[in-house]
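To start, the structure itself, in structure tokens.
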Amino acid sequence: MSYCVHCGVELDPTARTCPLCHTQVVDPQQPVDTELPPPFPSRREEVPPVSKKEVALLLTAMLASVAVCCGLLNLLFLHSSRPWSLYVIGAAVMLWMWLVPPLLLRGMPLWLRLGLDACAVGVYVYLISIDLHGLEWYLGLALPIILTGGAVVVALGFLLRGRSILSSLILIIGGVGIFIMSIELYVDRWLTGRWQPGWSLVVAAVCLSMMIPLIVVRWRPALRDEVRKRFHM
Ligand SMILES: [Zn+2]
């Protein structure tokens, strides 16, 4: 039994170097045994990463089978006056659009992904509007809100690339303010035909009052460094 002269770890008779500190083993009393198999395998193997294509295929199969089963049940057995399976099919389509394209298209830009996600929401709400015979509110109210939300999210995904936390925060709060104001605009236009900003102005004012100090901090190097130090940014 020999021990490493440097770190004292117990050495296997087949070791040429210490497994811990890699000091060469020199023991004239007990030369390195080259006959015995070494205690550790010399080959290194790694668990292969899960194939993204297979995960995408599995997700597609799961969602498609749920959608098809519900559609068939609705058509053949549980058919009522309302196409309830559209809710499930729409949810399956939406989930598919959220989960599968990012798995298959490597390096897909974030803004494109977010745009597709917003389209998926639009498709889902469209299916609901079919069931509720609400094409009018879909086109007049829901679609403009979804499109504006999607545009804000896509713009943020585009603008936030490589930004600092402070700049990102300013842009996100600004985006939320714009989106909230657009919601009131669409609701007012839908209900009364005129835009009478009220509650959304309060939200916008809150957003603005949060953005102004952040903008000041962002553009004053001394303040910015202080905030970064204190909040570990
Ligand atoms: Zn050692």
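Comparison of Leu191, Leu223, Leu214 shows that the only residue that is over 30 Å from the mean Cα position of the chain (by Cα) and surrounded by 13 or more Cβ atoms within 10 Å (Cβ to Cβ) is Leu223. Tell me the residue from Val216, Val187, Val227 that is in contact (Cβ under 8 Å) with a residue 60 or more places away in the chain and assigned to a helix (DSSP H, G or I), please. It is Val227.
Each row is one residue, and each column tells you yes or no for (1) polar (S, T, N, Q); (2) in the same structural domain as Ser129 (by TED's automatic domain parsing); (3) assigned to a helix (DSSP H, G or I).
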site: Val5; (1), (2), (3): no, no, no
site: Thr14; (1), (2), (3): yes, no, no
site: Asp27; (1), (2), (3): no, no, no
site: Cys70; (1), (2), (3): no, yes, yes
site: Asn74; (1), (2), (3): yes, yes, yes
site: Pro83; (1), (2), (3): no, yes, no
site: Val88; (1), (2), (3): no, yes, yes
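Does Leu156 count as within 16 Å of the chain's Cα centre (by Cα) and not assigned by TED's automatic domain parsing to the domain that holds Ala61? Yes, satisfied. For beta carbons closer than 8 Å, sequence separation of 6+ or different chains, a first residue in segment 37-50 that is at positive phi and a second that is in a loop (DSSP other than H, G, I, E, B) and surrounded by 10 or more Cβ atoms within 10 Å (Cβ to Cβ), there are no qualifying pairs. Does Ser2 satisfy the condition of being within 37 Å of the chain's Cα centre (by Cα) and either surrounded by 12 or more Cβ atoms within 10 Å (Cβ to Cβ) or away from the ligand (no atom under 16 Å from the Cβ) (or both)? The answer is no for Ser2. Pairs only if they're at least six apart or on different chains, beta carbon under 6 angstrom, first in segment 7-29 and under 13 Å from Phe40 (Cβ atoms) and more than 7 Å from the ligand (Cβ to nearest atom), second among the charged types (D, E, K, R) and assigned to a loop (DSSP other than H, G, I, E, B); list them, first residue then second. Here the result reads Thr14/Asp33, each pair linking segment 7-29 to a residue that is among the charged types (D, E, K, R) and assigned to a loop (DSSP other than H, G, I, E, B).
The values are calculated or read from the model by the stated rules, or taken from the named source; none is laboratory data. This is a predicted model, so every value here is computed, not measured. In this analysis, Cβ positions are derived from the backbone assuming ideal geometry, glycine residues included, and neighbour counts consider all displayed protein chains.
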